[in-house]
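Take a look at the structure below.
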Amino acid sequence: MKILSVNAGSSSLKFTLIEMPAQEEIASGLFEKIGLDDSFYTIKYNGEKIRNDVALPDHATAVKELMNELIALNIISSFEEIEGVGHRLVHGGPDFKETVVLNDEVIAKLEENIDLAPLHNPGSITGMKAFMEVLPEVVQTVVFDTAFHSTMKETEYLYPVPYEWYEKYKVRKYGFHGTSHRFINKTISEYFERNDLKVISCHIGNGGSVTAINSGKVVDTSMGFTPLAGIMMGTRSGDVDASILEYMNKQTGASISELTNDLNKKSGLLGVSGVSSDSRDVEVAADEGNERAILAQEIYAQKIANYIAMYNNLLNGADVICLTAGVGENSKTMRKMIIDRINSLGVKIDEEKNDFRGEFRCISTDGSRIPVYVVPTNEELMIAIDTMELAKKN
Ligand code: ADP
């Protein structure tokens, strides 16, 4: 069966078409600048990349273009061949604890919670409505980045702030990257043939989060009410003292929303190094002796190491540490810097084993007290797996 895994934004729509259960990627692509004058799309198929500059006034037009292009390319012969569409949604709010079948009731509930993710959810919901319009007969699902974290207990998800903030305004830790952490946990649990593993999953890409998992259930995660919290990221600060906002507002006159934007977009690797948010650029600058780039790398690695140590304690000893996403999968420098900062846990990196990119591999020494694995993530595939399972039932 062919499943479409979809990630829609306010002006973009990303898709991967996957043959299931074979888990083979058939095609992928991106529709960009939807609703703007210079809209276009690119599709990768059979090792080739097609680009088409075409008017995309709204998401529904983009979905129709996509379906027609799949037929024109002989990838499908009719719309009916698509047996499921899985939509990624960043924020499910407190109500959604697992992947659900999309319907009008779900849309209404998502719209109720739009204030929790005003930047991300509206675009995704528009994408869902467009697919419902073009493919009304096909089973569609919503896969929430927050859902995997719904097993956290109050002791982990409540902030020690006035209780009404939680009761009246839903202020609590939600956690994100759940689809990736779930995929990592599934992959490593299948590898060890165990369902009782205690896993510390480190998703370190442009955004980043660390999650403590016990027997398939999240115990705690580093992101919070929003994806700003936790470890240092490409452009996000991670955890900072909230009083900085009022202080900087008084010092500079910048509004809370401008300052929050600075914490989201001008901080992290970019803010400290002054070079770039991309860890490759920061690595080059650090190798050339740029002191702020070196400092940015050191803070970045230390924050992740601190979370690993904290979660090792929370799990009462982890069985395995996994590194994933752009930096975790590809940067041997950053992997070494992180592991060198958790030597106190008896964890040691094997530099020879660490000398590679982008595949599943153990990178710790044989004597390391906790093994460390690089596990490439695949959120699109996780979405397709969920969607296939729900499509079979419906
Ligand atoms: P996103 O959070 O946007 O999905 P990714 O997981 O794709 O991000 O990670 C993107 C980041 O991965 C880039 O910003 C870059 O810092 C890092 N990265 C990718 N390849 C390498 C590499 N070869 N060496 C170091 N860092 C890399």
Within straight-line cross-link reach of Lys2, lysines at Cα separation under 19 Å, skipping those fewer than 8 residues along the same chain = Lys14, Lys44, Lys64, Lys392, Lys393
Principal axis box of the range 14-145, alpha-carbon based, largest edge first, Å | 42, 38, 24
Over the chain: helical MRE at 222 nm, DSSP H runs n ≥ 4 each giving -39500 (n - 2.57), nearest 500 = -11500 deg cm²/dmol
Starting from the Cα of Lys49, step 7 Å along the direction of its Cβ; do the same at Glu105; then give the gap between the two resulting points in nm.
-> 4.4 nm
Sorted from largest down, give the three principal axis spans of the alpha carbons of the range 41-108, whole angstrom values.
-> 41, 26, 23
Descending packing, highest mean Cβ count within 10 Å first, for 164-170, 38-44 is 38-44, 164-170
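From the cross-link list Lys33/Lys336; Lys303/Lys353; Lys186/Lys266, which pairs have alpha carbons spaced over 32 Å apart? Present the calculation step by step, with values, prior to reporting the outcome.
Values: Lys33/Lys336 39 Å; Lys303/Lys353 24 Å; Lys186/Lys266 34 Å.
Check vs 32 Å cut-off fails for Lys33/Lys336; Lys186/Lys266.
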Which of Ser150, Ser77, Ser201 moves most in a GNM of the chain, Cα contacts under 10 Å?
-> Ser77
Report, in whole Å, the centroid distance computed from the Cα atoms of the range 27-88 and the range 244-314.
-> 37 Å
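So what's the range 111-200 giving for Rg/Rh, alpha carbon basis, Kirkwood Rh from the mean inverse pair distance? Could the numbers behind the result be given before it?
Numbers: Rg = 17.1 Å, Rh = 16.0 Å.
Using only Cα positions, Rg/Rh for the range 111-200 is 1.07.
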Between beta-carbons, use under 11 Å as the cut-off and find the net charge around Asn306, counting Lys and Arg +1, Asp and Glu -1.
-> +1
Radius of gyration and Dmax over the Cα atoms of the chain, both given in Å | 21.4, 62
With eigenvalues of the C-alpha gyration tensor scaled by 5 and rooted, the range 85-126, Å | 14, 12, 10
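Scaled to the compact-protein estimate 2.2 N^0.38 Å, what is the alpha-carbon radius of gyration of the range 287-394, rounded to two decimal places? Each step should come with its number before you reach the end.
Values: Rg = 16.5 Å, N = 108, 2.2 N^0.38 = 13.0 Å.
Rg over 2.2 N^0.38 Å, computed on Cα atoms: 1.27.
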Measuring from the lowest to the highest alpha carbon on each principal axis, how far does the range 280-321 reach, largest first, in angstroms?
-> 41, 15, 10
For Asp355 and Asn68, calculate 0.36 nm times their separation in residues minus their Cα-Cα distance, and state this gained length in nm to one decimal.
-> 98.9 nm
Projected label distance in nm at Ser215 and Val161, using a 7 Å step from Cα toward the beta-carbon | 3.3 nm
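Students often check this: by mean Cβ neighbours within 10 Å, which of 319-330, 114-125 ranks highest, and how do the rest follow? Write out the running numbers ahead of the final one.
Details: 319-330: 23.0, 114-125: 17.5.
The densest-packed peptide leads the list: 319-330, 114-125.
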Mean Kyte hydropathy of -0.5 or more with a Cα span along the axis of at least 27 Å, helices from DSSP in the chain = 291-314
Using only alpha carbon pairs under 8 Å that are at least six residues apart, calculate the relative contact order of the chain and give it in whole percent.
-> 14 percent
Glu246 versus Leu295, label points 7 Å from Cα toward the beta carbon: distance in nm?
-> 2.7 nm
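Every number in this text was worked out from the coordinates using simple rules, so none of it is lab data. Predicted model only: the values in this text are computed from it and were never measured. Every residue, glycine among them, receives a Cβ derived from its backbone with ideal geometry; neighbour counts consider all protein chains shown.
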